[in-house]
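One structure is given below, encoded as structure tokens.
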Amino acid sequence: MSTTLSKFQGALVGAVVGDCIGAIFESLWAKTIHPNKVLKAIENLETDSTEEDHRILPFTDDTAMARSVAKSLIINKGFDASDMAERFSENYFDEPDRGYGGNVVSVFSQLKESNYEDVFGPARKQFNGSGSYGNGGAMRIVPAALFTYKDNDPEKSKVLVTQVTSITHTHNQAILGAILQSYAIDMALNSSNSFSPDEMVDALITLMKMVEDEPKETNKSLKESQKEDNQKWKTYVEKLEVIKKYLKQEEQPTLLTVHTELGADISAFESVPAAVYSFLRSHKDFADLKDRNSFEKTIIYAISLGGDSDTVATMAGAIAGACYGVDSIPISWQKCCEGVEDAKQFAEGLYKLSQMS
Ligand code: R7I
Ligand code: MG
Ligand code: MG
Ligand code: MG
């Protein structure tokens with residue numbers, strides 16, 4: 001298999017297993033989970049996978065929406081807003097119990113009512129016109145990152161990510177979070193196993209600085225809204241600086257520190273940085289996870305942060321899979337997660353598109 005195809009499959013399958021395994025813990029909303037507990041659940045899964053009638057962990061809204069993004073991009077060979085909106089919405093009405101965010105479902109209803117003609121209107125009206133700052137844009141962005149991989153152009157990638165996200169999320173935090181997630185995936189696709197975490201975080205800071213400094217026409221800047229809300233960190237760049245500081249430390253911070261400082265909840269601002277850190281941190285040594293490869297460590301660490309564990313793990317899994325390739329994802333995990341084979345097919349479809357001029 002070509003390295004690029006393996007990385008495309010790694011990104012999409014990594015996202016699926018992060019979602020399915022992370023979802024075991026999502027309902028707990030715990031403030032950090034002891035890694036031993038996560039390991040125990042994973043070991044059970046690995047043992048179970050050898051049985052013929054082994055259980056299949058269902059994917060949640062994170063994967064459901066990523067599948068729609070992938071299908072729509074592949075079938076239309078590009079972004080078709082109305083088609084993508086219809087897929088999001090129809091998928092929700094077919095399977096409403098996938099764990100969707102509390103407010104995004106009203107966007108789906110309004111999209112359907114407008115017969116997918118007013119594609120960006122309903123999202124703009126969310127939360128009295130400020131738009132949702134949930135992580136629902138970032139969690140599903142991986143197919144868009146794969147679609148723009150061939151262009152090697154952060155500007156083009158930003159445009160597509162903004163379009164895909166804006167169907168449901170228009171708050172700057174949500175859009176910038178999806179952009180950061182897609183830049184991280186793109187860097188992982190372009191990296192070898194022996195990348196430098198310090199260099200990667202520097203590169204992300206450079207890219208995000210450019211995006212965050214752009215004047216915003218429609219929405220308040222992230223800095224402004226964060227100031228109004230009295231938030232400690234004002235921008236994604238500031239959070240990336242925190243990550244940079246962590247990575248330079250002799251000893252990595254505790255799970256609780258990371259949960260508290262970077263965040264691990266349903267907002268994009270309080271979850272995308274945690275996913276990026278989970279990936280970068282897992283490239284380093286882990287005293288208690290010696291037998292696990294860097295992909296496995298990323299997932300175990302991301303879930304251990306607690307909170308929105310399926311979503312932090314799906315985002316971290318997408319980045320790690322894009323870096324280390326599909327062969328880094330244990331077969332036993334792949335067997336136990338719903339939608340892995342489909343993810344491989346979507347990766348092939350997106351890979352084929354990337355090979356066309
Ligand atoms: O962002 P979204 O798609 O939810 C994704 C999350 C992931 O964890 C999934 O795994 C799933 O569990 O949900 O859905 P939204 O409904 O747009 O946002 C999620 C939640 O964030 C909302 O229900 C609100 O509680 C909160 N939220 C806001 N609260 C106040 N003001 C989002 N935006 C705002 C806001 O502007
Ligand atoms: Mg979910
Ligand atoms: Mg590139
Ligand atoms: Mg979630």
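In the range 112-147, what residues are within 22 Å of the chain's Cα centre (by Cα) and among the hydrophobic types (A, V, I, L, M, F, W, C)?
Answer for the range 112-147, where residues must be within 22 Å of the chain's Cα centre (by Cα) and among the hydrophobic types (A, V, I, L, M, F, W, C): Phe120, Ala123, Ala138, Met139, Ile141, Val142, Ala144, Ala145, Leu146, Phe147.
Across the range 56-67, what is the total count of residues that are surrounded by 24 or more Cβ atoms within 10 Å (Cβ to Cβ) and polar (S, T, N, Q)?
Residues meeting the conditions: 1.
With the structure loaded, tell me whether Ile179 is β-branched (Val, Ile, Thr) and more than 16 Å from ligand 4 (Cβ to nearest atom) or whether it fails that test.
It is true that Ile179 is β-branched (Val, Ile, Thr) and more than 16 Å from ligand 4 (Cβ to nearest atom).
Would you mention how many residues in the range 1-38 are of a type in the set (Phe, Trp, Tyr) and either more than 16 Å from ligand 3 (Cβ to nearest atom) or surrounded by fewer than 24 Cβ atoms within 10 Å (Cβ to Cβ) (or both)?
Total satisfying the criteria: 2.
I'd like to check something: does the range 324-337 contain any residue that is surrounded by 24 or more Cβ atoms within 10 Å (Cβ to Cβ), over 13 Å from the mean Cα position of the chain (by Cα) and within 24 Å of Glu251 (Cβ to Cβ)?
Among the residues of the range 324-337, not one is surrounded by 24 or more Cβ atoms within 10 Å (Cβ to Cβ), over 13 Å from the mean Cα position of the chain (by Cα) and within 24 Å of Glu251 (Cβ to Cβ), which makes the answer no.
Each row is one residue, and each column tells you yes or no for (1) surrounded by 21 or more Cβ atoms within 10 Å (Cβ to Cβ); (2) within 16 Å of ligand 2 (Cβ to nearest atom); (3) within 13 Å of Val272 (Cβ to Cβ).
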| residue | (1), (2), (3) |
| --- | --- |
| Ser157 | yes, no, no |
| Gln163 | no, no, no |
| Thr168 | yes, yes, no |
| Gly177 | yes, yes, yes |
| Leu180 | yes, no, yes |
| Asp186 | yes, no, no |
| Ser192 | no, no, no |
| Ser196 | no, no, no |
| Met200 | yes, no, no |
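With the requirement that a residue be part of a helix (DSSP H, G or I) and within 16 Å of ligand 1 (Cβ to nearest atom), what does the range 144-169 give you?
Ala144, Val161, Thr162, Val164, Thr165, Ser166
Kindly indicate whether Glu250 is at negative phi, assigned to a loop (DSSP other than H, G, I, E, B) and either aromatic (Phe, Trp, Tyr) or within 15 Å of ligand 4 (Cβ to nearest atom) (or both). Working first, answer last.
Numbers: at negative phi: yes; assigned to a loop (DSSP other than H, G, I, E, B): yes; either aromatic (Phe, Trp, Tyr) or within 15 Å of ligand 4 (Cβ to nearest atom) (or both): no.
So Glu250 fails the test.
Check the range 97-105 and report whether any residue there is under 30 Å from Leu256 (Cα atoms), surrounded by 20 or more Cβ atoms within 10 Å (Cβ to Cβ), within 12 Å of ligand 2 (Cβ to nearest atom) and not hydroxyl-bearing (Ser, Thr, Tyr).
yes
Let's see how each residue does on (1) under 15 Å from Ser309 (Cβ atoms); (2) within 16 Å of ligand 3 (Cβ to nearest atom); (3) aromatic (Phe, Trp, Tyr); (4) in contact with a Pro (Cβ under 8 Å, 6 or more places away or on another chain):
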| position | (1), (2), (3), (4) |
| --- | --- |
| Glu52 | no, no, no, no |
| Leu57 | yes, no, no, no |
| Asp94 | no, no, no, no |
| Tyr116 | no, no, yes, no |
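Hey, can you tell me all the residues within the range 178-192 that are within 17 Å of Leu280 (Cα to Cα) and assigned to a helix (DSSP H, G or I)?
Initially, the range 178-192 is screened for residues within 17 Å of Leu280 (Cα to Cα), giving 180-192.
Leu180, Gln181, Ser182, Tyr183, Ala184, Ile185, Asp186, Met187, Ala188, Leu189 - these are the residues of the range 178-192 that are within 17 Å of Leu280 (Cα to Cα) and assigned to a helix (DSSP H, G or I).
Since every read-out is calculated from the coordinates, none of them should be taken as a lab result. Computed from a predicted model, the values in this text were never measured in an experiment. When we count neighbours, we look across all protein chains shown, and the Cβ atoms used for this are built from the backbone with ideal geometry, even at glycine.
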